[in-house]
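> What follows is a single structure, and I will ask about it in a moment.
The values are calculated or read from the model by the stated rules, or taken from the named source; none is laboratory data. This structure is a prediction, so every number in the text was calculated from the model and none was measured. Because the Cβ atoms are built from the backbone with ideal geometry, glycine has one as well, and the counts that use them run over all protein chains shown.
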Amino acid sequence: MIIKKEKKNGIIIYHVDKDISDEKMEELKNTYIKPDSISYIIEHDADVYDVNDNLLLKFRKNKLTTKKIEDFYLNVIDFAKNKTNNRGSTSNSKNKNIYENPKIMSNILGYMDTFSPKQKFLINQQGKKIKLLVRETRYNMDYPKKFKKLVPLISEINNYYKEYIPLQYKKQENKAKHTLFKIPGTAFTTITTNINFQTTIHKDKGDDPDGFGNLSVIERGVYTGGETCFPQYGIGVNVRTCDILFMNVHEWHGNLKTFFKTKDAIRLSIVCYLRINVWKNTLNINKKAMMLHNKTIKNLRKYKLVNKTLKKHKNQ
């Protein structure tokens, strides 16, 4: 609910209050946002604060460079289309067994603070003792040259984060300075890509509690909807190509349904953040130790491939 609106230096500033109580939001978590609960969609440069003057979001139109966006898209799209079933409740699943969850196109780039089920199996199979609970993502291991072509856009997002959200950025950057397990030259350890994925009402977990989420979108074809919303406050933001949204991801948020008008329609969202346990688990680890750790994790897969080859020859 918008309780005050003003304009400063060409930016519309909104002050909002809660439409829905905290208790009711707990009941609504992991459900899809009802369109009639969103009374206003922002489509212009705006800052939004709650009644206590806490920043909820900042939205800026047409900030990102088209060339960097195109390079990011071309080098990530094939990988981003891989499907996973590990997004749990954000995909509206209530299954405890992740393999029963719906498969959606949501993928991770950069570094993670958990091992995949396959990696855990291989670690146990080989009797490895892994000191650092952190790993390069599969994309980084398999496509290092492609990843380098993503960095210019991530760096641009980082620079706008520093410019527009300086207090939260500084706190996050101070953490990022003490780990090598991050996107080079940024305050981010991790990137999540989502394609045509309607998330349920949730609060982000695992990211820096002092930081902000950085959301951008790359679109293809024709679609409507998909707005990023804060249902407790009844507001949403229509993020499109070249736009950037800085948001407090520790507030309840999710997406409205996307309506695809053409068969080739794609809404690729890019979320940049610092995973707090990546930072905690790798504080002040030097470059030599980092490279050795990354090599150890990567070699787990080589061992698996060798075993497959030996088994194949044994059966012949």
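> Report, ordered by the first and then the second residue, all pairs with beta carbons closer than 9 Å, sequence separation of six or more or different chains, a first member in segment 122-151 that is under 21 Å from residue 109 (Cα atoms) and touching a residue at least 12 places away in the same chain (Cβ under 8 Å), and a second member that is acidic (Asp, Glu) and surrounded by 13 or more Cβ atoms within 10 Å (Cβ to Cβ).
As it stands, the answer is 133/113; 134/113; 135/113; 149/71; 150/71, since those pairs meet every condition given.
> For a quick check of your reading of the model, give me the residue pairs whose first member lies in segment 54-73 and is surrounded by fewer than 19 Cβ atoms within 10 Å (Cβ to Cβ) and among the basic types (Lys, Arg), whose second is at pLDDT 95 or above and assigned to a strand (DSSP E or B), with beta-carbon atoms closer than 7 Å and at least 6 apart or on different chains.
From segment 54-73, the pairs are 63/244.
> Anything in segment 118-159 that is of a type in the set (Gly, Ala, Ser) and modelled with pLDDT under 95? List them, or say none.
Within segment 118-159, just 127 meets the criteria.
Quick grid of which residues meet (1) surrounded by 18 or more Cβ atoms within 10 Å (Cβ to Cβ); (2) part of a strand (DSSP E or B); (3) of a type outside the set (Val, Ile, Thr):
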| residue | (1), (2), (3) |
| --- | --- |
| 181 | yes, no, yes |
| 187 | yes, no, yes |
| 194 | yes, yes, yes |
| 199 | yes, no, no |
| 214 | yes, yes, yes |
| 218 | yes, yes, no |
| 232 | yes, no, yes |
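> Quickly run through segment 276-304 and pick out the residues that are within 20 Å of residue 205 (Cα to Cα), in a helix (DSSP H, G or I) and not aliphatic (A, V, I, L, M).
Correct list: 277, 279, 280, 281.
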